[in-house]
1. Give Ile16, Ile10, Ile27 a once-over and let me know the one that is at pLDDT 50 or above, out of contact with any helix residue (DSSP H, G or I) (no Cβ under 7 Å at 6 or more places or on another chain) and not charged (D, E, K, R).
2. Kindly provide the set of residues from the stretch 89-110 that are crowded, with 17+ Cβ neighbours inside 10 Å and within 27 Å of Pro233 (Cα to Cα), ordered by number.
3. What pairs come up if the first residue lies in the stretch 163-182 and is free of Cβ contacts under 8 Å to residues at least 24 places away in the same chain and farther than 18 Å from Ser234 by Cα, the second is crowded, with 19+ Cβ neighbours inside 10 Å and among the polar types (S, T, N, Q), and their beta carbons are under 9 Å apart, counting only those six or more places apart or on different chains?
4. With (1) touching a Leu at 6+ places or on another chain (Cβ under 8 Å); (2) hydrophobic (A, V, I, L, M, F, W, C); (3) surrounded by 19 or more Cβ atoms within 10 Å (Cβ to Cβ); (4) more than 17 Å from Ile133 (Cα to Cα) as the list, and Val195 as the residue in question, which single condition is left unmet?
5. Taking the conditions exactly as written (in contact (Cβ under 8 Å) with a residue 24 or more places away in the chain and either within 16 Å of His206 (Cβ to Cβ) or within 19 Å of the chain's Cα centre (by Cα) (or both)), does Phe81 satisfy them or not?
6. Could you pull out the residue among Asp86, Asp160 that is part of a loop (DSSP other than H, G, I, E, B) and either among the hydroxyl-bearing types (Ser, Thr, Tyr) or closer than 20 Å to Ile225 by Cα (or both)?
7. Say we look at the stretch 215-229 and pick out the residues that are open to solvent by 70 Å² or more (accessible area, probe 1.4 Å) and not in a strand (DSSP E or B); which of these is modelled with the lowest pLDDT?
8. Give the stretch 139-151 a look and list any residue that's buried (at least 19 other Cβ atoms within 10 Å of the Cβ) and in a loop (DSSP other than H, G, I, E, B), or say none.
Amino acid sequence: MPDPRLIFSILILSLIFSLHGGVIADITLYTTDFSDATGWETNSPSSFYLDEGKGQYHYQITGGTGSYAYYPLSGPFTGPFTLEFDVHPVLTEEKSSFRFGLGTEGYDSQKGPVVLAELYNQNGEGAFALTAISKENLRSQTYSIPGKANYSGKTVRFVDGEEYHIRLTWYPVEKRVSMTVTAPGDDTPLFSHFVMVTGKMEEFTHLFLTSIGEGQNGRKAHGYIDNISLTSPSSVLATPEPVITSQEPTPTPTLVTSVTSVVPGQNGEPVDITPDPIPKRTPLPAPPTPVPTEKSGLLPLIGILGVGFVLLLFRR
């Protein structure tokens, strides 16, 4: 007869595994360190190209040119995602912007669905910016400048010549997109905030850098992008990203996300849709980590019955 202690151990392990449902791995949709640029396409090879010496991808986003570079995903993607990358701006002229994110064919920074990280220097502000536009073309934005869009924290500006690591995360249940900026290799946020999205965010098909959209004709933003990673977490925590707020002992205003519909109103003007105020949230540690999804089924019952059977054996 098998050793009852061995049977007991096996049944206990089965019970634990069944209760926790095992480990569900994240799905990697795309990753590259630009040792090569396989799959990347552009309509302007002089502006977007692999710098083999640096092992990075060069960008030059020039307003009014309609230039872009893109990587097509294997198929339309809908669901939670995290997009991370490193960016090294060399020169971002006034009235220019670096723009990179996840969207659709057309590579238009003004047409949804799209989630873009920007180094925004349209008015010499030098701000980090997050833009999310739903499939219905309802826009949500935030900038690292107090009083601009829905941000009320401290001023944070990017500096040409410095490198930054940016993480964008889409939380479908909360209808929220977050942006966190750190220095490469450092987990301390330089800037972190989020926007609430009105409308659908689905069927993303392309990663892209683009000049299509805002920008003054002839004004340039150039530099390098590297270490891109696009993943779909097995599950996403509902907690928000940490918000970098001012250290001054002043009350933080209630966050309100302004969303503008492109559908004209009765007088032909755009319709402003302002959702209910979002209560102030307590900053939490970054980054959000995926949590395995628990599963239920017959295994817990089998494990419990097995434990009872073994106990009966011991009593004999």
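1. On the way: Ile16 fails: at pLDDT 50 or above; Ile10 fails: at pLDDT 50 or above.
The conditions single out Ile27.
2. Residues satisfying the conditions are Phe98, Arg99, Phe100, Gly101, Leu102, Gly103, Thr104, Tyr107, Asp108, Ser109.
3. Going by the 9 Å Cβ cut-off, the qualifying pairs are Thr182/Ser192.
4. Result: Val195 passes all but (4).
5. Working: in contact (Cβ under 8 Å) with a residue 24 or more places away in the chain: yes; either within 16 Å of His206 (Cβ to Cβ) or within 19 Å of the chain's Cα centre (by Cα) (or both): yes.
Answer is yes for this residue.
6. Details: Asp86 fails: part of a loop (DSSP other than H, G, I, E, B).
Going through Asp86, Asp160 in turn, just one is part of a loop (DSSP other than H, G, I, E, B) and either among the hydroxyl-bearing types (Ser, Thr, Tyr) or closer than 20 Å to Ile225 by Cα (or both): Asp160.
7. Pass one, the stretch 215-229, residues open to solvent by 70 Å² or more (accessible area, probe 1.4 Å): 216-217, 219-220.
Next, only the ones that are not in a strand (DSSP E or B) stay: 216-217, 219.
Working: Gln216: 82, Asn217: 90, Arg219: 93.
Going through the qualifying residues, I end up with Gln216.
8. Ser144, Ile145, Asn150, Tyr151
The values are calculated or read from the model by the stated rules, or taken from the named source; none is laboratory data. Predicted model, so just to flag it, every value in this text is computed and none were measured. Cβ: placed from backbone, ideal geometry, glycine included. Neighbour counts: every protein chain shown. Side chains are part of the model used for accessible areas, which takes the heavy atoms of the whole protein and leaves out ligands, DNA and RNA. Shrake-Rupley method; radii C 1.70, N 1.55, O 1.52, S 1.80 Å.
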